[in-house]
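**Student:** Have a look at this one.
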Amino acid sequence: MRHIQHPGQATPERASALACTVTRHRITIGAHKPICDALTEALDENDIESAYVYLKGGAFDPLVYVYPALSNDGIHAAWYSEERRFDAPSKLNEAALFFGRRDGKPFLHCHGLWDHPNGEKSGGHLMPFDAELAAPIEVDVLAIHGAIMDQLEDEETRFRLFTPVKTEVPSPAGAKRAVLCRIKPNAPIDEIVEKITTHSGFVSARLHGIGSLVGCDFEDGQHMASIASELYIRDGTVQHGKASLDIAVVDTEPKIFTGRIVRGANTVCVTFELLIVED
């Protein structure tokens with residue numbers, strides 16, 4: 001399998017995972033302010049401090065983002081492009097994000113696909129304190145109880161990465177069992193997901209997440225050669241111990257690839273943030 005060398009020492013354990021529960025919500029995110037601030041306000045109104053959010057439709061104005069790039073700093077194995085900014089309405093096609101915290105304050109990590117004002121399609125990593133919604137939109141939220149993504153220093157990659165940590169938020173009645181995870185570099189994504197799901201006692205599960213892969217092979221024959229990428233899961237399941245992932249991913253060009261990936265062929269580049277929800 002493909003492999004990427006990071007500057008720090010890799011530990012034997014290739015995943016950090018915490019049991020939690022989730023509840024589903026539908027909320028409205030306000031416009032004309034940094035999306036992290038707007039989402040924080042919307043979640044606060046619903047007493048949610050930890051979440052996975054799926055966005056579809058609407059527009060950004062401004063749209064500010066970066067896409068993956070090779071690193072030239074002599075430290076990191078992968079990096080980001082220069083910021084791209086468009087001060088005009090830019091269509092949001094689809095995006096996904098984890099909402100957690102950094103240095104004790106609300107923070108989010110978002111990957112998605114969007115159109116530039118001229119209609120050119122692109123995608124990557126949204127800048128949470130610069131991008132703004134052009135108008136309010138309704139979004140689907142999985143509120144996470146008992147765990148939160150906290151951006152912590154990672155010795156292996158030398159990045160600050162969203163990592164699951166425990167919280168004291170109680171599980172409400174009717175919540176579904178789940179596991180909040182960070183999958184580490186060079187782990188075969190299908191294999192590690194299947195192990196966590198089985199260990200958690202889930203016969204079947206839905207997969208929600210964002211991350212990066214070291215290249216990617218798709219079932220329809222597509223191949224993304226780039227070692228750096230930004231992706232989100234469009235549709236993910238585990239059924240009777242076997243994982244299936246349909247993703248949208250952006251490479252260093254930035255070129256967009258979509259589809260179901262080959263099971264057992266794809267490894268994590270820097271990180272894969274994942275929420276496994278019992279089905």
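The values are calculated or read from the model by the stated rules, or taken from the named source; none is laboratory data. In this text, all values refer to a predicted model and were calculated from it rather than measured experimentally. A quick note on method: Cβ atoms are made from the backbone with ideal geometry, for glycine too, and the neighbour counts reach across all protein chains shown.
**Student:** So is ASP246 under 22 Å from THR163 (Cβ atoms), buried (at least 16 other Cβ atoms within 10 Å of the Cβ), acidic (Asp, Glu) and touching a Lys or Arg at 6+ places or on another chain (Cβ under 6 Å) or not?
**Tutor:** So ASP246 does not fit the description; no.
**Student:** What is the residue count in the stretch 9-32 for residues that are surrounded by 14 or more Cβ atoms within 10 Å (Cβ to Cβ) and not hydrophobic (A, V, I, L, M, F, W, C)?
**Tutor:** 6
**Student:** Give the residue, chosen from ALA131, ALA77, ALA69, ALA96, that is among the hydrophobic types (A, V, I, L, M, F, W, C) and surrounded by fewer than 19 Cβ atoms within 10 Å (Cβ to Cβ). Before the answer, list the steps.
**Tutor:** Values: ALA131 fails: surrounded by fewer than 19 Cβ atoms within 10 Å (Cβ to Cβ); ALA77 fails: surrounded by fewer than 19 Cβ atoms within 10 Å (Cβ to Cβ); ALA96 fails: surrounded by fewer than 19 Cβ atoms within 10 Å (Cβ to Cβ).
Just a single option satisfies the conditions, and that option is ALA69.
**Student:** Please go through the stretch 140-153 and give me each residue that is closer than 16 Å to VAL53 by Cβ and out of contact with any His (no Cβ under 9 Å at 6 or more places or on another chain), ordered by number.
**Tutor:** Across the stretch 140-153, the qualifying residues are ILE144, HIS145, ALA147, ILE148.
**Student:** May I ask you to verify whether PHE272 is crowded, with 24+ Cβ neighbours inside 10 Å, touching a residue at least 60 places away in the same chain (Cβ under 8 Å) and not aliphatic (A, V, I, L, M)?
**Tutor:** Against the criterion (crowded, with 24+ Cβ neighbours inside 10 Å, touching a residue at least 60 places away in the same chain (Cβ under 8 Å) and not aliphatic (A, V, I, L, M)), PHE272 qualifies.
**Student:** Condition test on GLU41, is it modelled with pLDDT of 95 or more, part of a loop (DSSP other than H, G, I, E, B) and surrounded by fewer than 17 Cβ atoms within 10 Å (Cβ to Cβ)?
**Tutor:** Here the answer is no, as GLU41 does not meet what is asked.
**Student:** Looking only at the stretch 220-245, count how many residues are in a loop (DSSP other than H, G, I, E, B) and in contact with an Asp or Glu (Cβ under 8 Å, 6 or more places away or on another chain).
**Tutor:** Final tally of qualifying residues: 5.
**Student:** In the stretch 93-149, which strands (runs of 3 or more DSSP E) lie fully inside it and hold 2 or more residues that are more than 22 Å from GLY211 (Cβ to Cβ) and of a type in the set (Val, Ile, Thr)?
**Tutor:** On the way: elements: 105-115, 121-126, 137-145.
Because the criterion is at least 2 residues that are more than 22 Å from GLY211 (Cβ to Cβ) and of a type in the set (Val, Ile, Thr), no strands (runs of 3 or more DSSP E) in the stretch 93-149 meet it.
**Student:** Pick out the one residue from THR21, THR40 that is at negative phi and touching a His at 6+ places or on another chain (Cβ under 6 Å). Show your work before the answer.
**Tutor:** Values: THR40 fails: touching a His at 6+ places or on another chain (Cβ under 6 Å).
Matching residue, one of THR21, THR40: THR21.
**Student:** What are the pairs, 6+ residues apart or on separate chains, where a residue within the stretch 119-136 that is closer than 20 Å to VAL249 by Cβ has its Cβ under 8 Å from a residue that is in a strand (DSSP E or B) and of a type in the set (Asp, Glu)?
**Tutor:** LYS121/ASP115; SER122/ASP115; GLY123/GLU230; GLY124/GLU230; HIS125/GLU230
**Student:** Listed residues ASP73, ASP87, ASP115; which is without any contact (Cβ under 8 Å) to a residue 12 or more places away in the chain and of a type in the set (Asp, Glu)?
**Tutor:** It is ASP73.
**Student:** Which of (1) surrounded by fewer than 17 Cβ atoms within 10 Å (Cβ to Cβ); (2) over 25 Å from ILE144 (Cβ atoms) does ALA228 not meet, given it meets every other one?
**Tutor:** Unmet condition: (1).
**Student:** Residues in the stretch 205-219: is at least one modelled with pLDDT of 95 or more, part of a loop (DSSP other than H, G, I, E, B) and of a type in the set (Gly, Ala, Ser)? Steps first, answer last, please.
**Tutor:** Kept after step one, since they are modelled with pLDDT of 95 or more, are these residues of the stretch 205-219: 205-219.
When the remaining residues are screened for being part of a loop (DSSP other than H, G, I, E, B), the result is 214-215, 219.
So of that shortlist, the ones also of a type in the set (Gly, Ala, Ser) come out as 215.
Checking the stretch 205-219: at least one residue is modelled with pLDDT of 95 or more, part of a loop (DSSP other than H, G, I, E, B) and of a type in the set (Gly, Ala, Ser).
**Student:** How do the pairs read when you match residues in the stretch 47-59 that are farther than 18 Å from LEU207 by Cα with residues anywhere that are in a strand (DSSP E or B) and among the β-branched types (Val, Ile, Thr), using Cβ under 7 Å and keeping only pairs 6 or more apart or on different chains?
**Tutor:** Here the result reads ILE48/VAL141; GLU49/ILE148; GLY57/ILE137; GLY58/ILE137, each pair linking the stretch 47-59 to a residue that is in a strand (DSSP E or B) and among the β-branched types (Val, Ile, Thr).
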